[in-house]
Amino acid sequence: MKGISITHRGFEDILSREVEEMIGSSPATDESVSIFEYRKFTDLCAFTYKSQSAIKSLHLLGQFSVNNELSSAVSSIKGILSETDLSQWISDGTSFKVSCIRTGEHSFNSQDLSAETSRLIKEKTNKDVNFESPDLIFFIHILNQKGYIGIDFSGIDLSKRDYRIFAHPAALKGTMAYCMLRFSGTKKTNSLIDPFTKSGIIPIEAALYQTGKPVNFYRKEALAFKHLKPLDNEDWETFYEKIDSQENESQKRRIIGIDSSMPSITAAQKNAKLAGVNKSISFSRLDIEWLDTKFSEGEIDRLITNPPESSKRIGEKFVEKLNNELFYQAQYIISKNGKIGLLARNTDLLKKSAEKYGFKTDEERTVLLGKETLKAILFSR
């Protein structure tokens with residue numbers, strides 16, 4: 001059987017690494033997706049439940065080429081459906097819906113393709129569409145000239161976090177924060193600091209990763225796979241108990257969230273408590289110029305953050321001063337083999353400050369958050 005998972009463009013390798021670690025197969029990686037073989041439906045369920053980088057998780061029915069015309073996409077999907085035995089997914093009372101996310105230049109929109117695909121499935125199965133509470137969700141992912149259709153095992157946007165209640169306007173998505181951790185080579189045994197923590201997303205994702213606590217622990221009932229026909233007889237209590245028991249508090253290493261704003265620290269502490277990892281993180285209000293008074297020389301293995309950037313409210317000179325202070329402090333607190341991972345819209349000022357204080361660029365890549373283009377950059381001594 002084949003599965004497919006979707007993530008932010010630019011971080012496909014992080015998603016594939018998670019697939020390898022959790023499912024044990026070697027994925028094929030393409031723009032925004034990881035495609036992989038899996039043995040049992042519960043393997044895909046477990047991945048959906050635990051993945052921190054995935055936006056969607058599907059059982060793959062097929063993939064197809066996409067041109068500008070709706071008729072061509074519909075024809076391709078019709079061919080895939082004609083070769084697919086849907087009886088294993090559909091019983092007498094099954095209802096369904098079709099969801100579609102489309103990115104690129106096409107003469108049709110997502111609603112057009114969803115409606116046409118719904119018509120094809122209704123003709124094939126004689127089942128009713130139910131937009132409110134379907135038993136089965138067909139999901140179509142289109143990115144430019146490539147399309148994929150599958151059975152949605154997630155049912156929700158996996159990039160959203162239910163702990164993210166006390167938000168900061170510039171806070172990262174949890175998936176982006178996690179991908180930055182893995183991009184920076186963070187291991188479960190590394191100490192880590194986020195000196196511009198805002199609402200605590202990076203430390204929280206680090207604590208979830210470090211302890212093995214499933215990111216969807218409090219969203220079990222929202223996941224779609226529990227309602228799928230092939231899993232009707234699954235003992236979900238035992239399934240979750242087995243995965244949840246893998247949480248390992250002994251893995252804990254220092255995870256620190258720092259911010260100059262007390263309201264941000266308060267929000268971060270509340271979010272961490274909602275995520276169930278507040279005991280794994282130390283949050284404190286501190287201006288960045290005081291880091292070297294709170295930490296020993298070489299104490300921190302990873303510094304990962306989304307630093308402030310110039311805007312209508314924040315001038316470029318102030319940002320440059322912050323960047324200089326960031327790398328000046330990093331000189332002291334970062335270990336000899338430590339890394340600095342930063343996510344920003346523009347990295348020119350960051351690279352200038354890094355070079356000034358003896359840090360070199362290891363890697364820089366473009367990543368996309370929806371239509372927003374960001375740069376992930378990794379520094380070392």
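Quick note: the coordinates plus some simple rules give every number you see, no bench work behind them. Keep in mind that what you see is a predicted model, and the values were worked out from it rather than measured. Positions of Cβ are generated from backbone atoms using ideal geometry, with glycine treated the same way; all protein chains shown enter the neighbour counts.
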Number of positions in region 177-199 that are of a type outside the set (F, W, Y), outside any loop (DSSP other than H, G, I, E, B) and buried (at least 24 other Cβ atoms within 10 Å of the Cβ): 7
Lone qualifier among E289, E297, E363, E355 - being surrounded by fewer than 15 Cβ atoms within 10 Å (Cβ to Cβ), part of a strand (DSSP E or B) and of a type in the set (D, E): E363
Criterion: in a strand (DSSP E or B) and of a type in the set (D, E, K, R) - qualifying residue of K375, K312: K375
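Tally up the residues in region 49-73 that are assigned to a helix (DSSP H, G or I) and either crowded, with 18+ Cβ neighbours inside 10 Å or touching a Gly at 6+ places or on another chain (Cβ under 8 Å) (or both), please. First the steps, then the outcome.
Our first condition is that a residue be assigned to a helix (DSSP H, G or I); within region 49-73, this holds for 49-50, 70-73.
When the remaining residues are screened for being either crowded, with 18+ Cβ neighbours inside 10 Å or touching a Gly at 6+ places or on another chain (Cβ under 8 Å) (or both), the result is 49-50, 73.
Residues in region 49-73 being assigned to a helix (DSSP H, G or I) and either crowded, with 18+ Cβ neighbours inside 10 Å or touching a Gly at 6+ places or on another chain (Cβ under 8 Å) (or both): 3 in total.
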Residues that are within 27 Å of H59 (Cα to Cα) and among the hydrophobic types (A, V, I, L, M, F, W, C), drawn from region 148-180: I149, I151, F153, I156, L158, M176, A177, C179, M180
Positions within region 113-156 being outside any strand (DSSP E or B), within 21 Å of the chain's Cα centre (by Cα) and of a type in the set (A, V, I, L, M), in sequence order: I156
Flag for S25 being closer than 30 Å to D235 by Cβ, surrounded by fewer than 20 Cβ atoms within 10 Å (Cβ to Cβ) and touching a helix residue (DSSP H, G or I) at 6+ places or on another chain (Cβ under 7 Å): yes
The one condition in (1) aromatic (F, W, Y); (2) under 20 Å from the mean Cα position of the chain (by Cα); (3) not in a loop (DSSP other than H, G, I, E, B) that Y240 fails to fulfil: (2)
Breaking point among (1) touching a strand residue (DSSP E or B) at 6+ places or on another chain (Cβ under 6 Å); (2) part of a loop (DSSP other than H, G, I, E, B), for S26: (1)
